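Presented below is the structure to which this report refers.
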Amino acid sequence: MTAEANPRVTVCVVTYDSAGDLPGCLASVAAIRYRPLDLVVVDCGSRDDSVAIARGTDLGDLPRTVVPLGENRGFAGGMNAALASGDAPFILALNPDARPRPDAVGRLVERLEACDAEGPRAAAVTGRLVRPGEPPTLDACGMVLLSAWRHLDRGSGEDDRGQYADAERVFGATGAATLYRRRALEDVAFSGGEVFDPLFHSYREDAELCFRFQERGWEVIYEPAASFEHRRRVVPAGRRDLPAAINRHSLKNRYLLRAYHQTPANFLRTLAPTLLRDVLALVWVLAMERSSLPAYGWLWRHRRQILERRRYLQGRRTAPAEHLERWFRHSALPLGGKRRFRHPALPLGG
């Protein structure tokens, strides 16, 4: 297929004090071989030179748009602004600390187009994310969902031995580097047109979006041939080093996920692991992280808004419950219909 016949892809990068990562990210975007391609950088009130770097970096002939918001709306608000700035049929969400290989976008588009021809009905496709360094370490090969309503990046922290070598269906995909179909994003958007939920602000907003995909009958695909480097800054072991506001968002967002998407049947079936996780979280907050206590108050004060959003989302469900429930039992499924790949034993909490 010639470049003129390819669907346009817009690369969307949301920045916040990202001056250290942005030059390398933009250089990798400029090196992408896929065309037609354009770039949108949305800055959430950076206090460093992120905006100047986004505007001044040489990208060759690559069209760019820089949107300085002047305030920190988080990844969710930044991505919503980026999506509103254009109409490309495919959107690549890319973190400033992620680096696509030159052929990665082409590989992702090929996989989505193959799904159009052969199935399944795909909303998004993510690649193989690897952390820099030696020996190579996996960062994410799709997202898995555990019975305690914990979502994890598949393969995160494992030595890269060539595992996860097959294209598969997965529960979800990290917002650090995923190609989305605009039509699917519009299909699962909230009534006001928001795609990413601004109530999440920071963290878990990508997982929440994937719940909506599943509830509307869409699939998320993992394509191992599309490779990205991702220098992940935030890992569970580094929670104590994060700003207090980020940890509060992370805590409240775990409850928002369940408030929006958990069904009564799933609540009863997963009561023991989720209750244990909630108790451990509360003990941790009381003993080690009292700055996150306001998250519980926030949830109570916003309970009516949360309930209203739940009613909207549950009222739009079109897929049977099994379409989502299967991901509590399987970490991946083949592109066909056969089931395999049960979850490995993974710890609760975190």
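The values are calculated or read from the model by the stated rules, or taken from the named source; none is laboratory data. Treat the numbers as computed from the prediction; the structure is a model and nothing was measured. Note: ideal-geometry Cβ built from the backbone for every residue, glycine included; neighbour counts use all protein chains shown. Please note that ligands, DNA and RNA were not included when accessible areas were found on the heavy atoms of the full protein model with its side chains. Shrake-Rupley method; radii C 1.70, N 1.55, O 1.52, S 1.80 Å.
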Open item on the list: If the elastic network links every pair of Cα atoms under 10 Å, which of 271, 108, 39 fluctuates the most in the Gaussian network model of the chain?
Closed with: 271
Open item on the list: Among 36, 84, 11, which residue has its Cα furthest toward the positive end of the charge dipole of the chain, with +1 on Lys/Arg Cβ and -1 on Asp/Glu Cβ?
Closed with: 84
- [ ] Name the residue, out of 133, 45, 70, whose mean-square fluctuation peaks in a Gaussian network model built on the chain with Cα pairs under 10 Å.
- [x] 133
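Which order, highest average first, do 257-267, 222-232, 151-161 follow once you tally other Cβ atoms within 10 Å for each residue and take the mean per peptide?
Top of the packing list down: 222-232, 151-161, 257-267.
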Open item on the list: Can you list which of the DSSP-assigned H helices in the chain have a Cα extent of 24 Å or more along the long axis and an average Kyte-Doolittle score of at least 0.5?
Closed with: 271-288
- [ ] Calculate, in nm to one decimal, what residue 87 and residue 293 gain on full extension: separation in residues at 0.36 nm each, minus their alpha carbon distance.
- [x] 70.1 nm
Open item on the list: I'd like the Kirkwood hydrodynamic radius of the range 218-321, using the inverse of the mean 1/r over distinct C-alpha pairs, in Å.
Closed with: 16.5 Å
- [ ] Give the percent of DSSP beta bridges with both residues in the chain that are antiparallel, rounded to the nearest 5.
- [x] 55 percent
- [ ] Return the percentage of antiparallel bridges among DSSP beta bridges fully within the range 98-234, rounded to the nearest 5 %.
- [x] 70 percent
Task: Mean-position separation - Cα centroids, the range 111-160 and the range 281-303, in angstrom - done: 31 Å
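Counting only heavy atoms of the protein chains, get the accessible area per residue of the range 190-279 (1.4 Å probe) and round it to a whole Å² value.
Computed with neighbouring chains in place, this is 38 Å² per residue.
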Open item on the list: Which of rounded, prolate or oblate describes the range 105-225 when judged by the alpha-carbon gyration tensor and an a/c cut-off of 1.5?
Closed with: oblate
Open item on the list: Ignoring ligands, DNA and RNA, please state the percent of accessible area on the range 1-119 from carbon and sulfur, probe 1.4 Å.
Closed with: 47 percent
TODO: Quick one: what are the phi-derived ³J(HN,Hα) couplings along the range 183-197, Karplus 6.51/-1.76/1.60 with θ = phi - 60°, whole Hz, x for glycine and proline?
DONE: 4, 6, 4, 5, 5, 9, 5, 6, 4, x, x, 6, 8, 8, 6
Task: Label-to-label distance, nm, for residues given as residue 258 and residue 272 (7 Å Cα→Cβ offset) - done: 1.6 nm
Task: For the range 1-122, accessible area per residue (1.4 Å probe, heavy atoms of protein chains only), Å² - done: 42 Å²
Task: Area of residue 298 that stays accessible when all protein chains are in place (1.4 Å probe, Å², to 10) - done: 50 Å²
Task: Amide hydrogen neighbours beyond the local backbone of residue 127, cut-off 5 Å, H modeled - done: 223
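If packing is taken as the average count of other Cβ atoms within 10 Å, what order do 109-116, 137-144, 197-204 fall into, highest mean first?
Highest-to-lowest ranking by the protection proxy: 137-144, 197-204, 109-116.
At a 10 angstrom cut-off on C-beta neighbours, averaged per residue, how do the peptides 207-216, 117-126, 50-59 rank from highest to lowest?
Details: 207-216: 23.5, 117-126: 19.3, 50-59: 17.7.
Averaged packing, sorted descending, gives the order 207-216, 117-126, 50-59.
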TODO: Rank 152, 125, 72 by how far each Cα sits towards the positive end of the charge dipole of the chain (+1 on Lys, Arg Cβ; -1 on Asp, Glu Cβ) and give me just the farthest.
DONE: 152
- [ ] With the Cα gyration tensor of the range 13-72 in hand, give its eigenvalues times 5 under a square root as the equivalent ellipsoid semi-axes, listed largest first in whole angstrom.
- [x] 20, 11, 9
Task: Anisotropy class of the range 144-282 from Cα gyration tensor, a/c 1.5 cut - done: rounded
Open item on the list: Defining a contact as two alpha carbons under 8 Å apart and six or more residues distant in sequence, what relative contact order in percent does the chain show?
Closed with: 18 percent
Open item on the list: Relative to 2.2 N^0.38 Å, what does the C-alpha radius of gyration of the chain come to as a ratio? Two decimals please.
Closed with: 0.95
Task: residue 116 versus residue 158: modelled label distance in nm, points set 7 Å from Cα along the beta carbon direction - done: 3.2 nm
Open item on the list: Could you identify which residue out of 184, 165, 19 has the top mean-square fluctuation in a GNM of the chain using Cα springs shorter than 10 Å?
Closed with: 165
